[in-house]
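Working notes, structure below.
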Amino acid sequence: MVRYPVLYAESMNTVLVVEEMERFNRLSDAIRSSLVSLQKAIKGLVVMNAELEALANSLLIGKVPDYWAKRSYPSLKPLGSYISDFLQRLKFLQEWMDHGKPSVFWISGFYFTQAFLTGAMQNYARKYTIPIDTLAFEFQVLPTDDCDTFPEDGVYVRGLYLDGARWDRERGVLVEQLPKILYDPIPIIWMKPAKKEDIRETGAYVCPLYKTSARRGVLSTTGHSTNYVLPIKLPTDKPVKYWILRGTALLCQLDD
């Protein structure tokens, strides 16, 4: 909290320390304590109850235990991939903590993605003294996968995958998938807050963004969906109906 105090002009400090660190610490503690208890049960030091038995069975078949899933971010990955993904998320937050706010955010690495988006919007609203409920995001896909500079306003995000379409990096539009390639990584997206009245209708495809390929979720206590994030407008030279019928969507993570 000393290095990242609560500041009026920088909402990302709250996103890092309050929203993300606390959630990941609770998940990490749950994983660690359950594994310690399981080890003790195997050694006969504590009783092997139904919860620990279910944990052991899930580990044996490579499935994320229900005890972890109830405390975790949405994920359809098998156990090995889940642990690798979890460690990558911790590394992302640790680098943010050690080296400061990144120029490009790994949007797939957030536990509560909506808090990050609200923080980006809030920074813009406070900078220009504009009511936040009059703002919305504009989107621009950059022709690069890496960037060392910060945007003047808004945020750069990476780590998204297109399902049901492919991104043409030369023309900057949605195109048909290549044979036998189900998911296409999309380059950096610049999410720029702007007044809703100033955002022009361009005939772009309003592409839904989901955390997992399940494409369904439930409303949480925060009023947000546990899976759906937000719509992102992507340019296309085909009729919008074409991509709707294809079920084209953006995903934060894959299932493997």
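The values are calculated or read from the model by the stated rules, or taken from the named source; none is laboratory data. Because the structure is predicted, anything quoted here is derived from the model rather than measured. Here the Cβ is made from the backbone with ideal geometry for all residues, glycine too, and neighbour counts use every protein chain on show. Just so you know, the surface numbers come from the protein's heavy atoms only, side chains and all, with ligands and any DNA or RNA stripped out. Shrake-Rupley method; radii C 1.70, N 1.55, O 1.52, S 1.80 Å.
Of all accessible surface on the chain at a 1.4 Å probe, what whole percent is carbon and sulfur? It is 55 percent, rounded to a whole number.
Relative contact order, whole percent, for segment 73-179 stands at 27, derived from Cα pairs under 8 Å and 6 or more residues apart.
Explain nothing, just the number: relative contact order of the chain, from Cα pairs under 8 Å at least 6 residues apart, as a whole percent. For the chain, the relative contact order is 19 percent.
With protein chains left intact and a 1.4 Å probe, residues in segment 146-256 average 56 Å² of accessible area per residue. The Cα center of segment 135-151 and the Cα center of segment 28-107 differ in position by 32 Å.
Amide H contacts for Gln177 (H built 1.01 Å from N in the peptide plane; partners 5 or more residues away or on another chain; cut-off under 5 Å): Arg166. The calculated FRET efficiency for the pair Leu178 and Ala56, based on their C-beta separation and a Förster distance of 45 Å, comes to about 0.60. Dipole magnitude for segment 1-128: computed about the Cα centre from +1 point charges on Lys and Arg Cβ and -1 point charges on Asp and Glu Cβ, it is near 40 debye. Across the chain, the longest run free of exposed loop sites, meaning GluC sites (Glu not before Pro) lying outside DSSP classes H, G, I, E and B with no more than 11 other Cβ atoms within 10 Å, spans 1-151. Remark: for residue pairs Lys77/Lys180; Lys40/Lys91; Lys196/Lys241; Lys77/Lys101, the C-alpha separation exceeds 26 Å in Lys40/Lys91; Lys77/Lys101.
3J(HN,Hα) along segment 60-69, derived from phi through the Karplus expression 6.51 cos²θ - 1.76 cosθ + 1.60 where θ = phi - 60°, amounts to 5, 9, x, 10, 5, x, 4, 4, 6, 4 Hz, with x in place of Gly and Pro. Shown in residue order for segment 88-97 are the 3J(HN,Hα) couplings computed by the Karplus curve 6.51 cos²θ - 1.76 cosθ + 1.60 at θ = phi - 60°: 5, 5, 5, 5, 4, 5, 5, 5, 4, 5 Hz (x for Gly and Pro).
Annotation for segment 7-114: trypsin sites (Lys or Arg not before Pro) lying in DSSP loop with at most 10 further Cβ atoms inside 10 Å of their Cβ are Lys70. With everything on Cα atoms, drop me the angle between helix 22-43 and the longest principal axis of the chain, reported from 0 to 90° to the nearest 10. So the inclination is approximately 30 degrees.
If only the Cβ of Lys and Arg carry +1 and only the Cβ of Asp and Glu carry -1, the dipole of the chain around its Cα centre is close to 540 debye. Considering only Met21, Pro5, Val47, the residue lying farthest towards the positive end of the dipole of segment 1-69 is Val47, judged by Cα position with unit charges set on Cβ. Taking the helices alone, the chain has a mean residue ellipticity at 222 nm of -10000 deg cm²/dmol, built from -39,500 (n - 2.57) per DSSP H run of at least 4 residues and averaged over all its residues. Here each label is just a point 7 Å from Cα along the line to Cβ, and for Leu90 and Glu22 those points are 2.1 nm apart.
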